[in-house]
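Peer 1: I'd like to ask some things about the structure below.
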Amino acid sequence: MQVAAVIVDVPTMQTDKEFDYLIPDEWVGKIVPGMRVIVPFGPRKVQGVVVRLKPTSTVKNLKKISEPMDLSPVLNKELLQLGEWLTEHTLCFKISAYQAMLPAAMKAKYEKKLVLVNREGINQLPVELQQWFNDRTEISWKEADQRNWLSTLQTAVSIGTFEVVYDVKDKARKKIEKHYLLSHPTDELKRIMDTFSKHAKKQREVLEFLLKSPETSWTMKELTTACQTSTSVVQELVKKGILQEKEVEVYRDPYQHRSFEKTYPLPLTDQQQKAISPILSSIENGDHRTYLLYGVTGSGKTEIYLQAIQRVLEQGKEAIVLVPEISLTPQMVHRFKGRFGDDVAVLHSGLSIGEKYDEWRKVQRKEVKVVVGARSAIFAPFENIGIIIIDEEHETSYKQEENPRYHARDVAIYRGKFHGCPVVLGSATPSLESFARAQKNVYHLLTLSKRMNDRSLPDVSIVDMREELRKGNRSMFSTLLFEKLQDRLEKGQQTVLFLNRRGYSSFVMCRDCGSVMQCPHCDISLTYHRVTNQLKCHYCGFETTVPGVCTECGSEHIRYFGTGTQKVEEELGKLLPHARVIRMDVDTTSRKGAHERLLSQFQEGKADILLGTQMIAKGLDFPNITLVGVLSADTMLHLPDFRASEKTFQLLTQVSGRAGRHELQGEVVIQTYTPEHYSIELAGEQNYNDFYQKEMVMRKMGRYPPFYYLALIHVSHEDLMKVISVCEKITSYMKTQLSEEAIILGPTVSPIPRINDRYRYQCLIKYKREPRLIPALKKILDFYVKERNSENVYVSVDLHPYMMM
DNA sequence: AGCACGCCGACT
DNA sequence: GTCGGCGTGCTC
């Protein structure tokens, strides 16, 4: 066996296949499938992943692998296979599938440079170049380009003065610490010590300190503080050869300065007991089953996860727990670290690239048994998985919106089958798809209908804001909400206010001509941000200062409509000047650790009101919250998305669940302009079952999931006519390929007709069983070269889409 | 993606 | 008559 099949890191249609390479003799037996390698590819070098070994190849003139990038495989057999499955099921490139499984730090960095190989030839170069290479032997391609030296240097390449070199580098930087330890056996050292000069008092002290535990190594800092001395003393000992330096890899542990109070399994309620026992028997018998753990907010789902994992660990197996990104609050981490301590690795986007890499390596080296993380943690390189848990199963963040457009739930079930282990999907408001599958016994339904300690669900009031307006209340707070807000302030209890729109106001309109300020690059209105006094586009990031007069008619009567978190914050400052408010949205939490800091401030009672967007809907579990206010329940309801009702119901139910989780009874006030809508009414009653029934009827009528599957084809281009014609061609092609039962809608304008100066059209396919769908879609992608062809038309396919925009 | 090869317009 | 435009095709 000396040929390796490699998938190269060139994500295009034409290169999306295996390339064969010879394994150099010195690496035979060492290069194995799942390793990253550097291979020559055309004139350059690229990173690749070895997917299999074979004795020979049908291709002649094979090139050799340049070098391996790993000492042991980073993708195991299962993950390599999963990559193929992902490619097939999301229509992505193989390399993209593998890259999705690895931490970002392992993505290759490419550098092209010119290296001086013949110093003689330098004399023929212009003076400024000669100066540059006086004390240098290379220049990066980029640098040479910027200095306008490329053409000169290229002629120098042709006569052999320079050589073009392609470098492939690992982004990953292992964090290295220098440690110091004794380099001789103790008795020998004692002899050496006697030869010391009498003045070398400090050196002797250091040695005596080290001799107490001769095997241990210390960092410079540890040594100098322990011995009350300076670095020079240690350096001197190294020089004398008594101490040796050793480089040790250390992990960047984002949680190292935190201590987690050890927790122990809590006694389970009868309901919990009943729910956990089928999971435990699955674990015991090693059979794969998917459970839908449907439990109302505060019913103790997490304890079930913890105890199921406990059992898995006792069997010597591993566990993966997925949580939605935004709820990776310290609370969740605390509960897992508290129970399983150092056996837990945490993976989420708040970590730096290096930190993520280190956490990932802990998994790879089998130093942890449990991974708690966001979507991509589903690819944790465990080899003996005993359970996979997806908390808040209905969350849309489990679907990746770039290639590979996978859903973590599907990957979880794939891995569950492979490892013969249970997959547990937990939610208080399951997605319709999952609940429907549970009804059909594809998933096994486990129900927790009671809150822990029989705490009652919060009282929910729905306030009709049209009525408030009629009564003359034009503020954003209804009388009821405002009264309760004041009441909580007096009692010293905390309130959560929820509004899913950041910024100050949602659009700016001229009152004379009615024109709305729009983004010049996208067909979307600009949002006013008060703090910076700017108008921002939330899609392309365009920013502009607020014009003094209307750009259309020159009128000065410009008004701000709609309400964002910033405006609410300002309003609160006016109405309740003594209230301490913390605002949480993308704008206040973008800095690393800000999310966590704001939450802990709130937890410590440093604020009375927490005001925020989606991100505060989950994971908050503070005893002092007794009031939750939803300022405008309808903002989501009118989005052009067949899941709008479902999302609204879920959000309102989740937000309401934040109140009164502990001793104090909780209250919820939901403000809306459409109180009669079933998703708002039923969320008020916390009535999932009725909502499910009603929404299923709607889905059946609209021929949407779970009754039909969806495939969404996006087309975008700078030229409107081009987009329409390409989309038209695609739509009619699909019509020739699919059966009568398939519903093919299009070409239709995307709900956001233009983003970043590109027009957007789409074709939506609703189907039940179409064996020719995937091949047909592949053909389209083939033709339009997956997302980008020479004419710059972007075509992308999303199977089972979540984002309809 | 890069890069080479290859065939048609404005220039020393 | 050449330099260079980017269209097409290949990378084990």
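Readers should treat all values here as calculations from the given coordinates under stated rules, not as data from a laboratory. A quick note: this is a predicted structure, and the numbers were derived from the prediction, not measured. With ideal geometry, Cβ positions are generated from the backbone for all residues, glycine too; neighbour counts draw on all protein chains shown.
Peer 1: Enumerate by residue number the GluC sites (Glu not before Pro) in segment A:704-748 meeting two conditions: DSSP loop (anything except H, G, I, E, B), and at most 16 other Cβ atoms within 10 Å of the site's Cβ.
Peer 2: A:GLU718, A:GLU740, A:GLU741
Peer 1: Jot down the radius of gyration and Dmax of segment A:149-218, Cα atoms only, both in angstrom.
Peer 2: 26.0, 67
Peer 1: Does segment A:283-344 come out rounded, prolate or oblate by the C-alpha gyration tensor, with a ≥ b ≥ c the root eigenvalues, rounded set by a/c under 1.5 and, if not, prolate when a/b is larger than b/c and oblate if not?
Peer 2: oblate
Peer 1: Next question. Please compute one quarter of the surface area of the Cα convex hull for segment A:514-576 and express it in square nanometres.
Peer 2: For segment A:514-576, averaging the hull's shadow over all directions gives 4.8 nm².
Peer 1: Still on this structure, please answer the following. With +1 assigned to the C-beta of every Lys and Arg and -1 to the C-beta of every Asp and Glu, and no other charges, what is the dipole magnitude of chain A about the Cα centre in debye, to the nearest 20?
Peer 2: Roughly 920 debye, rounded to the nearest 20.
Peer 1: Would you kindly calculate the translational diffusion coefficient of chain A, applying Stokes-Einstein with the Kirkwood radius from alpha carbon pairs, for 25 °C and a viscosity of 0.890 mPa s, and quote it in µm² s⁻¹ without decimals?
Peer 2: This corresponds to a translational diffusion coefficient of 80 µm²/s.
Peer 1: What ³J(HN,Hα) values, in whole Hz, does the Karplus curve 6.51 cos²θ - 1.76 cosθ + 1.60 give for segment A:684-699 when θ = phi - 60°, with x put for Gly and Pro?
Peer 2: Taking θ as phi minus 60°, the curve returns x, 8, 6, 9, 5, 4, 5, 4, 4, 4, 5, 5, 4, 4, 4, 5 Hz for segment A:684-699.
Peer 1: Would you please put A:526-532, A:22-28 in order of how densely packed they are, using the mean number of other Cβ atoms within 10 angstrom per residue and starting with the highest?
Peer 2: The densest-packed peptide leads the list: A:526-532, A:22-28.
Peer 1: When Rg is the radius of gyration of the Cα atoms in segment A:1-146 and Rh is its Kirkwood radius, what does Rg/Rh come to?
Peer 2: Ratio of gyration radius to Kirkwood radius: 1.09.
Peer 1: Below 8 Å between Cα atoms, with a sequence gap of 6+, how large is the relative contact order for segment A:275-419 in percent?
Peer 2: Normalised by residue count, the contact order of segment A:275-419 is 29 percent.
Peer 1: Percent antiparallel among DSSP beta bridges with both residues in chain A, to the nearest 5?
Peer 2: 60 percent
Peer 1: May I pose another question? Would you please classify the overall shape of segment A:429-518 from the alpha carbon gyration tensor, given that a ≥ b ≥ c denote the square roots of the eigenvalues, rounded means a/c under 1.5, and beyond that prolate means a/b larger than b/c while oblate covers the rest?
Peer 2: In terms of gyration-tensor shape, oblate.
Peer 1: Right, something else. Which of the peptides A:319-325, A:675-681 is most tightly packed, and how do the rest follow, judged by the mean count of other Cβ atoms within 10 Å per residue?
Peer 2: Order by mean packing, descending: A:319-325, A:675-681.
Peer 1: Next up: Taking Cα pairs under 8 Å and at least six residues apart, what relative contact order does chain A come out at, in percent?
Peer 2: 10 percent
Peer 1: Another question, then. From the helices alone, meaning DSSP H stretches of at least four residues, give me the mean residue ellipticity at 222 nm for chain A, per-run term -39500 (n - 2.57), in deg cm²/dmol to the nearest 500.
Peer 2: Calculated mean residue ellipticity at 222 nm is -9500 deg cm²/dmol.
Peer 1: Taking the Cβ of A:ASP757 as the center, what net charge do the other residues with Cβ under 15 Å away carry, scoring Lys and Arg +1 and Asp and Glu -1?
Peer 2: Combined, the nearby Lys, Arg, Asp and Glu give +1.
Peer 1: Now for a different question. Give the residue from A:LEU599, A:CYS727, A:CYS227 lying farthest towards the positive end of the charge dipole for chain A; charges sit on Cβ (+1 for Lys and Arg, -1 for Asp and Glu) and the dipole is referred to the Cα centre.
Peer 2: The residue sitting farthest along the positive end of the dipole is A:CYS227.
Peer 1: Once Lys and Arg get +1 and Asp and Glu get -1 on their Cβ, which of A:VAL371, A:GLN671, A:ALA644 lies farthest toward the positive end of the dipole of chain A?
Peer 2: It is A:VAL371.
Peer 1: Which distance in Å, rounded to a whole number, links the C-alpha centroids of segment A:389-420 and segment A:330-358?
Peer 2: Their Cα centres are 19 Å away from one another.
Peer 1: Give the separation of the Cα centroids, segment A:522-567 to segment A:43-104, in Å.
Peer 2: Using only Cα atoms, the two centres lie 48 Å from each other.
Peer 1: Stretch A:ILE353-A:TRP141 to full length: gain in nm at 0.36 nm per residue minus the Cα-Cα span?
Peer 2: 73.7 nm
Peer 1: How would you classify segment A:465-609 from its alpha-carbon gyration tensor, with a ≥ b ≥ c the square roots of the eigenvalues: rounded for a/c under 1.5, else prolate if a/b is greater than b/c, otherwise oblate?
Peer 2: The shape class here is oblate.
Peer 1: Percentage of Cα-Cα pair distances in segment A:534-652 greater than 19 Å, rounded to whole percent?
Peer 2: Percentage above 19 Å: 61.
Peer 1: Assigning unit charges at the beta carbon (Lys, Arg +1; Asp, Glu -1) and nothing else, what dipole magnitude in debye, to the nearest 20, does segment A:472-582 show about its Cα centre?
Peer 2: 340 debye
Peer 1: Only sites in a loop by DSSP and with at most 10 other Cβ atoms within 10 Å count here; which trypsin sites (Lys or Arg not before Pro) in segment A:557-655 make the cut?
Peer 2: Answer by residue number: A:ARG591.
Peer 1: Something else about it: What are the trypsin sites (Lys or Arg not before Pro) within segment A:362-441 that DSSP puts in a loop, where the Cβ has at most 14 other Cβ atoms within 10 Å?
Peer 2: Answer in residue order: A:ARG365, A:LYS366, A:LYS440.
Peer 1: Among A:GLY83, A:PRO73, A:THR56, which residue has its Cα positioned farthest towards the positive end of the charge dipole of segment A:24-129, with +1 placed on the Cβ of Lys and Arg, -1 on the Cβ of Asp and Glu, and the dipole taken about the Cα centre?
Peer 2: A:THR56
Peer 1: Taking the Cα centre of segment A:425-492 as origin and charging only Cβ (+1 Lys, Arg; -1 Asp, Glu), how large is the dipole, in debye to the nearest 20?
Peer 2: 160 debye
Peer 1: Grab the alpha carbons of segment A:278-397, take their convex hull, and tell me the volume per residue in Å³.
Peer 2: That works out to 105 Å³ per residue.
Peer 1: Which lysines have a Cα lying under 24 Å from the Cα of A:LYS574, excluding residues fewer than 8 positions away in the same chain?
Peer 2: Qualifying lysines at Cα under 24 Å: A:LYS471, A:LYS484, A:LYS491, A:LYS606.
Peer 1: Return the Rg/Rh ratio of segment A:133-277 with Cα-based radii and a Kirkwood Rh.
Peer 2: In segment A:133-277, Rg relative to Rh is 1.30.
Peer 1: In terms of modelled amide H atoms, which long-range or inter-chain residues lie less than 5 Å from the amide H of A:VAL46?
Peer 2: A:VAL39, A:PHE41
Peer 1: Can you work out the Karplus-derived ³J(HN,Hα) for every residue in segment A:452-462? Use 6.51 cos²θ - 1.76 cosθ + 1.60 with θ = phi - 60°, whole Hz, and x for glycine or proline.
Peer 2: With the stated coefficients, segment A:452-462 comes to 4, 6, 6, 5, 7, 5, x, 6, 10, 10, 9 Hz.
Peer 1: Based only on the alpha carbon positions, what is the Kirkwood hydrodynamic radius of segment A:334-483, in angstrom?
Peer 2: For segment A:334-483, the Kirkwood estimate is 18.9 Å.
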